[in-house]
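Contents: one structure, followed by commentary.
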Amino acid sequence: MSIISTRFAGTRSVLVELSDLDSVLALGALLEASPLPGQVDVLAAASTLFIKTDGWASAQKIAAAVLALELGSAPADAGSLVEVPVHYDGEDLAEVARLTGLSVEGVVNAHSQQTWRAAFGGFAPGFAYLLGENQILNVPRRDTPRKVVPSGAVALAGDYSAVYPRQSPGGWQLIGHTDALLWDLERKNPALIRPQDRVRFIPSRTSLQVAPAQSAVPASTAPAAAHGTLLVVDPGLQSLIQDLGRPGYGNLGVSAAGSADIGAASQANRLVGNKSTSALIENLMGSITLQATGDQVLAVAGAEAEILIVPVEDDEFHEERLLPMNTPFALLDGETLTLTPLGEGLRSYIAVRGGIDVAPVLGSRSTDSMSGIGPAPLTRGSLLPVGAVHGAHVVGNPEPSTLPVPDEDGVYTLRISAGPRDDWFGDAGLAQLTGQVWKVSAESNRVGVRLALGEGATPLARIRSGELASEGVAMGALQVPPSGLPVLFLADHPVTGGYPVIAGVIAEDLGAAAQLPPGAGIRFELIDPHAHHVSHAARATGSRTL
């Protein structure tokens, strides 16, 4: 067992390639027991381990440190033994019998009379890839994936078995179902099956009922707090509660989520005197109407919007007033705030002094639009409690906008570092990626920016055949599907992906990427991350080159 190589994935992640799954499990167990300095999250896959870090300096040190580690082997009895009752009535049970040459009873026996090991998570919260003791049930995925696989479905694909924790699309062969709740946020450990656990499937003689899928938590059902609330009069196109996200749960299939533009969100919080971790509203296209209960202090950053304050109807001492962006202001008891988009930027951030005090989920108040974890999207009538102010909350001075600025042709530049799978495209592929203008597709969302071709542009072509096994991915990754049109992953991206990542947008430009509206032109600039961060550190410390 050994480590083959390490590759940088963007400027904050390291992809470790290993010789086999046992090596992956051994390294994963080692890093879980003794995390390296700067380690934020670890995502295991069939032959790789993806390590997210807190910055470029940590990524460099970790890439060097893992090569010196003595892996040994993961303990055979690591994790817990989980028993899952199964009613073997799946739609594909007869097809699995045909593919394996077994009888239906033989398939059931082969599935239930061996111990499965949770090798790694991914795809969805609570979804675990279970590796068996043998390959008797090795079957391919269905030729045509189902649009809907029910929650609790027990399935097979390749060397793996799994249980779908929630209703979702899927192409695995369905052999049964269980009423065991695979993902429950009311439990201390939400995932019933965690990486390294051992699983036994127990045939059930009784008909089981599939557990209903969980839905997102309403933003607030609590009565008005003593320090006030914000009433959502009109949520606009999309308004979500966000903070800095919930890193560290990637091995359970949970994305970090959080504000798409961390810079703008932090600016809004800073202006009202909040910590950067405080929850606030992320609004799409700068269109929302809020009403205050109790006197509040707010600030709006990010996408440009007209800020109009309308006083209560019988208030003869106050008039309607227009206020500037990126500046703290008072929203008095009963007054209404209306944002109207002005065209620049895509996402506005509305912070309130004290933060939005909704219940955290897995340590964060952020909404994950892909998994449904966290507060539900805001709707008309949502009542948002404002948090209490403790200690010094110094209101900030007006600040300049953080929005990206295009060149004279209206094209925005995003800086990228190559890898980890640029070898699937070669030097010509990187030159093509950076040498033409791409357009932001209207199909983009918080999961990712889907790119379309600019004038004269052509899709990227691979120089390698075959398919890449799923592996960890990070925010900013430029994943290239067979169409040759890259997808730039944003905050709600899946934790793993099965297409090669040619490059990653550097951390400093991720906020700019999240602010580009449909139709915007993008040019990618390839940089050397080491030289970039040395230069950045020198500027930060005031160093000069003689």
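Taken together, Leu43, Leu31, Leu71 contain a single residue that is modelled with pLDDT under 95, among the hydrophobic types (A, V, I, L, M, F, W, C) and over 28 Å from the mean Cα position of the chain (by Cα), which is Leu71. Within the stretch 443-453, the set of residues being at pLDDT 95 or above and over 10 Å from Phe489 (Cα atoms) comprises Leu451, Ala452, Leu453.
When Asp368 is tested against (1) among the acidic types (Asp, Glu); (2) within 20 Å of the chain's Cα centre (by Cα); (3) in the same structural domain as Pro481 (by TED's automatic domain parsing), just one condition goes unmet, and that condition is (3). Does Ile463 count as farther than 22 Å from Ser348 by Cα and touching a helix residue (DSSP H, G or I) at 6+ places or on another chain (Cβ under 6 Å)? Answer is yes for this residue. Of the numbered criteria (1) surrounded by fewer than 20 Cβ atoms within 10 Å (Cβ to Cβ); (2) modelled with pLDDT of 95 or more, the one Leu346 fails is (1). The residue that is surrounded by the fewest Cβ atoms within 10 Å (Cβ to Cβ), among those in the stretch 414-456 that are of a type in the set (Val, Ile, Thr) and under 16 Å from Pro517 (Cβ atoms), is Val437.
Taking the options Gln114, Gln60, name whichever one is surrounded by 15 or more Cβ atoms within 10 Å (Cβ to Cβ), at pLDDT 95 or above and under 24 Å from Ala491 (Cα atoms). Answer to the check: Gln60.
Of the residues making up the stretch 436-489, just one is more than 26 Å from Arg12 (Cα to Cα), part of a strand (DSSP E or B) and of a type in the set (Gly, Ala, Ser), namely Ala452. Summed over the stretch 30-41, residues that are farther than 25 Å from Leu130 by Cβ and in contact (Cβ under 8 Å) with a residue 60 or more places away in the chain total 1.
Does Glu399 qualify as being of a type outside the set (Gly, Ala, Ser) and free of Cβ contacts under 8 Å to residues at least 24 places away in the same chain? Judged against the criteria, Glu399 is not a match. Would you confirm, using the coordinates I've provided, whether Gly345 is under 24 Å from Phe489 (Cβ atoms) and small (Gly, Ala, Ser)? It is true that Gly345 is under 24 Å from Phe489 (Cβ atoms) and small (Gly, Ala, Ser). Looking only at residues in the stretch 90-112 that are of a type in the set (Asp, Glu) and either in a loop (DSSP other than H, G, I, E, B) or within 34 Å of the chain's Cα centre (by Cα) (or both), which one is farthest from Pro150 (Cα to Cα)? The qualifying residue farthest from Pro150 (Cα to Cα) is Asp92.
Filtered by the rule that a residue be in a helix (DSSP H, G or I) and out of contact with any Leu (no Cβ under 7 Å at 6 or more places or on another chain), the stretch 247-261 gives a lone residue, Leu252.
Looking only at residues in the stretch 299-325 that are in a loop (DSSP other than H, G, I, E, B) and touching a residue at least 60 places away in the same chain (Cβ under 8 Å), the one that is nearest to the chain's Cα centre (by Cα) is Ala303. Filtered by the rule that a residue be outside any loop (DSSP other than H, G, I, E, B) and either of a type in the set (Ser, Thr, Tyr) or closer than 20 Å to Pro404 by Cβ (or both), the stretch 270-298 gives Arg270, Leu271, Glu282, Asn283, Leu284, Thr289, Thr293. Every residue in the stretch 329-345 that is within 29 Å of Ala513 (Cβ to Cβ) and not in a strand (DSSP E or B), please. Hits for the stretch 329-345 are Leu342, Gly343, Glu344, Gly345.
Of the strands (runs of 3 or more DSSP E) lying entirely inside the stretch 132-194, the ones with 1 or more residues being at pLDDT below 90 are found at 146-149, 168-170.
Here is a yes/no grid of residues against (1) buried (at least 23 other Cβ atoms within 10 Å of the Cβ); (2) on the phi < 0 side of the Ramachandran plot; (3) without any contact (Cβ under 8 Å) to a residue 60 or more places away in the chain:
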residue	(1), (2), (3)
Thr327	no, yes, no
Leu332	no, yes, yes
Ile350	yes, yes, no
Gly355	yes, no, no
Ala359	no, yes, no
Thr379	no, yes, no
Val386	yes, yes, no
Val389	no, yes, no
Pro404	no, yes, no
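Residues checked against (1) assigned to a loop (DSSP other than H, G, I, E, B); (2) in contact (Cβ under 8 Å) with a residue 60 or more places away in the chain:
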| residue | (1), (2) |
| --- | --- |
| Ser5 | no, no |
| Thr11 | yes, yes |
| Gly28 | no, yes |
| Lys52 | no, yes |
| Ala64 | no, no |
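Across the stretch 413-424, not a single residue is classified as free of Cβ contacts under 8 Å to residues at least 12 places away in the same chain and more than 15 Å from Val480 (Cα to Cα). Pairs are defined by a Cβ separation below 6 Å, a sequence spacing of at least 6 or placement on different chains, a first member in the stretch 126-147 that is assigned by TED's automatic domain parsing to the domain that holds Gln113, and a second member that is surrounded by 22 or more Cβ atoms within 10 Å (Cβ to Cβ) and of a type in the set (Ser, Thr, Tyr); the pairs so defined are Leu130/Ser161. Look at Leu18 and say whether it is surrounded by 22 or more Cβ atoms within 10 Å (Cβ to Cβ), touching a Gly at 6+ places or on another chain (Cβ under 6 Å) and not assigned by TED's automatic domain parsing to the domain that holds Ala153. Judged against the criteria, Leu18 is not a match.
Residues that are under 28 Å from Arg464 (Cβ atoms) and over 23 Å from the mean Cα position of the chain (by Cα) were ranked within the stretch 493-528; the one that is modelled with the lowest pLDDT is Asp528.
The values are calculated or read from the model by the stated rules, or taken from the named source; none is laboratory data. Values in this document were obtained by computation on a predicted structure and should not be read as measured data. Neighbour counts are summed over all protein chains in view; Cβ atoms, including those assigned to glycine, are modelled from backbone coordinates with ideal geometry.
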